[in-house]
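Presented below is the structure to which this report refers.
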């Protein structure tokens, strides 16, 4: 017989996990006040490094040099990671965010919106949804992820993109081994979605 208290028990588990609850609320409200901060130079990002959990990982990567290969920490339940573009990333190179061995991106659709409000203007946060979005709004585009995908690639497109100063990516883990993904763009030029913004199986 199914446990009639399953839903209540699951909710109680969430309430009892302070880290999960705090990070989930931060992820949904886009408020990183309780996280640590670590800054990296452009050269360090060109080389690639593992992002820190419970941190906003700020980077001066501008896309003018080498393609950057970043690695996410292990996807443990309640983990939260943020990557912030601290420079205008429009140099045409690509940056990738690959999961730790055995981890993946969760499946769903991510609708990236385009506002064209002006340079440095931030879009609202766009979250990966488990349901299938089929109609893009606000001049945007829909990206699809799968549970076999372990890499996110973003091209630092010249002139018009969403990786201007202040753009942020956020990852939150609700199920061990899988990352939820969200993105808040910062407009450059028309604020068009970057030429490459997609997950894949490496």
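What follows draws every value from the coordinates through simple rules; no lab data is involved. Since this is a predicted model, take the numbers as computed values, not measurements. Cβ: placed from backbone, ideal geometry, glycine included. Neighbour counts: every protein chain shown.
When DSSP beta bridges are limited to those with both residues in segment 6-200, what percentage is antiparallel, rounded to the nearest 5?
65
When the helix-only estimate is applied to the chain (DSSP H runs of n ≥ 4, each -39,500 (n - 2.57), divided by the residue count), what is the mean residue ellipticity at 222 nm, nearest 500 deg cm²/dmol? The helix contribution divided over the chain gives -4000 deg cm²/dmol. The relative contact order of segment 6-200 comes to 22 percent, based on Cα pairs under 8 Å that sit 6 or more residues apart.
The fewest-to-most ranking of 193, 56, 132 by surrounding Cβ atoms within 10 Å reads 132, 56, 193. Between the helical axis of 18-29 and the longest alpha-carbon principal axis of the chain there is an angle of about 40 degrees. Just to be sure I understand: with springs between alpha-carbon atoms less than 10 Å apart, which residue in 91, 189, 139 has the highest mean-square fluctuation in the Gaussian network model of the chain? The residue that fluctuates most here is 139. Going from the residue with the fewest nearby Cβ atoms within 10 Å to the one with the most, 181, 25 rank 25, 181. Springs between Cα atoms under 10 Å define the GNM used for the chain, and in it the highest mean-square fluctuation of 142, 95, 154 occurs at 142. Counted by neighbouring Cβ atoms within 10 Å, the residues 149, 34, 55 run from fewest to most as 34, 55, 149.
Among [x] 29, 19, 16; [y] 38, 17, 15; [z] 38, 23, 15, which one is semi-axes √(5λ) of the Cα gyration tensor in Å computed from these coordinates? Matching entry in [x] 29, 19, 16; [y] 38, 17, 15; [z] 38, 23, 15: [x]. The angle between the Cα long axis of helix 6-16 and the main principal axis of the chain comes to about 60°, on a 0 to 90 degree scale.
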